[in-house]
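Quick notes on the structure that follows.
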Amino acid sequence: MKFTTADGSTVEVTRVGIRSDIHVRDAAGRTVATVTMNGHDTAGLLTNLRANT
């Protein structure tokens, strides 16, 4: 699942078993952060992203 922010950055969420990898990239496509989250935290993040992007 991929979200684009107002400034052109992207947040990509990829499920890996019971966890998720979160990749944040700036508008130029450079990786800013890569994070692994548990399912509960990912659900909260996705709710927030859907409401605000």
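The numbers here are math on the coordinates, done by the rules we state, and not lab data. Quick caveat: nothing in here was measured; it's all calculated off a predicted structure. Reconstructed Cβ throughout: ideal geometry from the backbone, glycine too, with neighbour counts over all protein chains shown.
Couple of notes before you dig in:
- Structure-based [θ]222 nm, the chain - -39500 (n - 2.57) summed over DSSP H runs of at least 4, per residue, nearest 500: -8500 deg cm²/dmol
- Loop-resident sites, the chain, for trypsin sites (Lys or Arg not before Pro), counting at most 15 other Cβ within 10 Å (DSSP): 30
- Relative contact order (%) - criterion: Cα under 8 Å, at least six apart; region: the chain: 28
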